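Just below is one structure, and these are the notes that go with it.
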Amino acid sequence: MPGSTRRKSWMATLWANTLPALGPKRYSYGVVLATVGLALLAPAAAGWVLGPVLLLGLVVLGVAHGACDQFVVPVTHPALARHRGRYWVVFLGGYLGLAAVVGALWWWRPGLAVAFFFVLSAWHWGSGDAPAAARYRAQWLVHSCLRGGLLFAAPLLMWPHETRELINGLLTLAGAVPVSAAAIATVGRLLWPVVLMGQLALWGSYASTGQLALAHTDALENLLLLVLLAVLPPVLSGSVYFVFWHSLQHILRMNAVMGRPTASGWATLGRELGFFLRRAAPLLAVSVAALAILYSLPGLRAAGTPVFISLALLVASVVTLPHAVLVTLALDAARWRPK
C-alpha cells in the first residue's frame with residue numbers, strides 16, 4: 001500500500017474513532033472549526049458567507065431551541081403535569097409572567113436590564129456547557145460561571161470597540177446612557193484574571209479528583225471558543241456560538257429528554273433536528289410570525305442592521321429569563337442539588 005494511502009487510511013480511522021468519543025458536541029466542534037477556517041482563509045468573505053447561514057440557523061435552531069420548553073416539566077416532574085389543563089395554565093402564566101418582569105425592567109431601568117441580560121446569558125450559556133459527569137456539585141457550578149465568563153471576557157478584551165458598539169446599541173435603543181471605552185476596558189481587565197485563575201483552579205480540581213478527561217475536554221473547548229471569539233467580531237462569533245453550539249446542544253439534549261436517542265453520526269443529525277422541529281412547530285410558528293411582523297414595520301427596515309440586531313437582542317432578553325429558569329430548576333436540578 002503506498003505511503004499516502006496508508007496515511008489517509010490511518011487519518012480516516014483516527015477521525016472515525018475520535019469523533020464518536022466526543023459525544024454530541026462533535027457537531028458543534030466541526031462547525032466552529034469550519035467557521036474559523038473560513039475566517040482565516042477568506043476574512044473578507046466570512047461575513048457574506050456566514051450571514052445567510054446564521055440567519056437561517058437563528059430560526060431553525062436559535063429561536064426553535066426554546067420552543068419545546070413546555071415538555072420539560074412533564075418529563076422531569078410528571079406529578080406537576082398530571083392535570084393537563086391546569087399545567088398549561090400554570091406553565092403559560094409563569095412563562096409569560098417572568099417575561100413580563102423583564103419587559104417591565106426594560107421600561108423602568110434599561111441600563112440594569114442590559115446588565116441583567118448579559119449576566120443571565122453568561123450563566124445560561126455556561127451552565128449549558130457544564131459537564132453532567134462532574135463528580136462534585138461545586139465543580140459544575142464553577143464550570144458554569146467560568147465558561148459564561150469566558151464567552152464575554154474574550155470579546156471585551158479582543159474586540160473592545162465592536163463590543164462597546166453592540167452594548168451601546170442596546171442601551172441607546174432602550175434610552176439608557178451609553179458606556180464609555182474606559183468602562184469596557186476596565187471590565188475586560190478585571191474579568192480576564194478571574195476567568196484565567198478560575199480555569200487553572202478548576203482543571204487542578206478535576207485532576208486531583210481523578211477526572212482528567214473532563215479537564216482535557218474543557219481545555220479543548222476553551223481553545224476552540226477562544227479562537228472563534230478571536231478571529232470573528234462579537235456579532236458573528238456570538239451568533240455562531242449561540243446557534244451551532246448552545247442551541248444545537250440544547251436541542252439534542254431535549255431530544256434525549258423526550259425519549260429520542262442522541263444522533264450517532266452526521267447522517268442522522270437531520271433526523272434529530274426533524275424530530276425536535278416537529279414538536280417545536282406550534283410555538284416556533286408563533287415566534288417566527290411575531291418576528292416577521294416586527295421586521296415588516298417600515299421604521300425598523302429603514303433603521304438599518306445595527307438597530308435590528310439591538311431589537312432582536314432586546315426581544316431575546318424577554319424570553320431568556322423564563323427559559324433559563326426552567327432549564328436551571330428542572331433540567332439541571334440533578335447537577336446542582338446536594339447529592
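Laboratory data are not the source of any read-out in this text; all were calculated from the coordinates shown. Note that this is a predicted model, so its numbers are computed, not measured. Counting neighbours? That spans all protein chains shown, and the Cβs are built from the backbone with ideal geometry, glycine included.
As a footprinting exposure proxy, order W245, W48, W125 by other Cβ within 10 Å, with the fewest listed first. Display every interim value, and only then the final one.
Values: W245 25, W48 9, W125 22.
By the 10 Å Cβ count, ascending: W48, W125, W245.
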PRE zone check, label point 7 Å out along Cα-to-Cβ of L297, amide N under 15 Å, scope segment 110-137, hits none
Expressed in nanometres to one decimal, the distance between label points 7 Å along Cα→Cβ at L141 and R260 is 3.4 nm
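Can you tell me which of 106-114, 309-317 comes out highest on packing, and rank the rest after it, using the mean Cβ neighbours within 10 Å?
Values: 106-114: 16.6, 309-317: 18.3.
Result, highest mean first: 309-317, 106-114.
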By the C-alpha gyration tensor axes a ≥ b ≥ c (rounded if a/c is under 1.5, else prolate when a/b exceeds b/c, else oblate), the shape of the chain is rounded
On the formula 1/(1 + (r/R0)^6), with r taken between the Cβ atoms of L80 and I309 and R0 of 51 Å, the FRET efficiency rounded to 0.05 is 0.85
The chain, Gaussian network, Cα under 10 Å: of Y241, Y29, Y295, the residue fluctuating most is Y295
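What FRET efficiency do you get for V119 and A267 if R0 is 30 Å and r is their Cβ-Cβ distance, rounded to the nearest 0.05? If you can, show how the numbers build up before the last one.
Numbers: r = 39 Å, r/R0 = 1.31.
The computed FRET efficiency comes out at 0.15.
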Of the residues A64, L151, S239, the Cα lying farthest along the dipole of the chain towards its positive end, which is defined by charges on the beta carbon of Lys, Arg, Asp and Glu, belongs to A64
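Tell me, what is the percent relative contact order of the chain, built from C-alpha pairs under 8 Å that lie six or more residues apart?
Values: 299 pairs, mean separation 105.3, N = 339.
For the chain, the relative contact order is 31 percent.
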Two pseudo-spin positions, 7 Å from Cα along C-beta at E162 and at W107, lie apart in nanometres by 3.6 nm
Between Y87 and R26, the FRET efficiency computed from the C-beta separation at R0 = 35 Å comes out, to the nearest 0.05, as 0.45
Here the gain from full extension of A44 to A213, 0.36 nm per residue of separation minus their alpha-carbon distance, amounts to 57.1 nm
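Could you give the length gained on full extension between R278 and L220, defined as 0.36 nm per residue of separation minus the Cα-Cα distance, in nm?
On the way: separation 58, 0.36 × 58 = 20.88 nm, distance 3.34 nm.
Difference between extended and current length: 17.5 nm.
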Here the Cα Rg-to-2.2 N^0.38 Å ratio for segment 17-163 is 1.31
